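Report on the following structure.
The values are calculated or read from the model by the stated rules, or taken from the named source; none is laboratory data. Predicted model only: the values in this text are computed from it and were never measured. Every residue, glycine among them, receives a Cβ derived from its backbone with ideal geometry; neighbour counts consider all protein chains shown. The protein model used for the area step is the full one, side chains on, heavy atoms only, and it has no ligands, DNA or RNA in it. Shrake-Rupley method; radii C 1.70, N 1.55, O 1.52, S 1.80 Å.
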Amino acid sequence: MRISLGLIFLWFGALKFFPGLSAAESLATRTIGVLSFGVISADAARLILAAWESLIGIGLLSGRYLRVVLLLLWVQMLGTVTPILIFPREVFAVFPYAPTLEGQYIFKNLVLISAGIVIGGTVRGGGMVSDPKELSQ
């Protein structure tokens, strides 16, 4: 799970280094612009986000500094859901049950958040078990 999540973050992050390749670029850069009160330009936002996501991907792939990497992931995921509040007309074709393509892109992050939670549960050496009875032994 850590490897697949790392590949997704590295892939999507790397795409943002090249203008126009990421489907989420426009919405993401506008969101950062609003959150920074216009201080961060769209191009700077794209590069910051590209580096941020790539760093998360590299960290997940390497398995090193996972606490810091997961903190970066949580902050990034918080940013990905803010367009729901800032740009609801772009997120929903019909509120609240028919998301646009951009909205679907945002809501799929629930799976990434869940994967991050599972990975976070293993940071201190915990492992996944198939049977809860194994925990009591």
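Write down the accessible area per residue of the chain in Å², having rolled a 1.4 Å probe over the full set of protein chains.
On a per-residue basis, the chain sits at 62 Å².
Given 0.36 nm per residue, what is the gain on full extension from ALA14 to LEU110 after removing their alpha carbon distance, in nm?
32.4 nm
Counting only protein heavy atoms and using a 1.4 Å probe, what share of the accessible area of region 1-112 belongs to carbon plus sulfur, as a whole percent?
Heavy-atom surface of region 1-112 belonging to carbon and sulfur, 1.4 Å probe: 75 percent.
Compare the Cα positions of GLY20, VAL91, THR80 along the charge dipole of the chain (+1 at Cβ of Lys, Arg; -1 at Cβ of Asp, Glu; about the Cα centre) and return the one farthest towards the positive end.
THR80
Report, to two decimal places, the Cα Rg of the chain normalised by 2.2 N^0.38 Å (N = number of residues).
Cα-based Rg divided by the globular estimate yields 1.17.
Sequence-distant or interchain residues sharing an amide H contact under 5 Å with PHE92, placed H: which?
THR100
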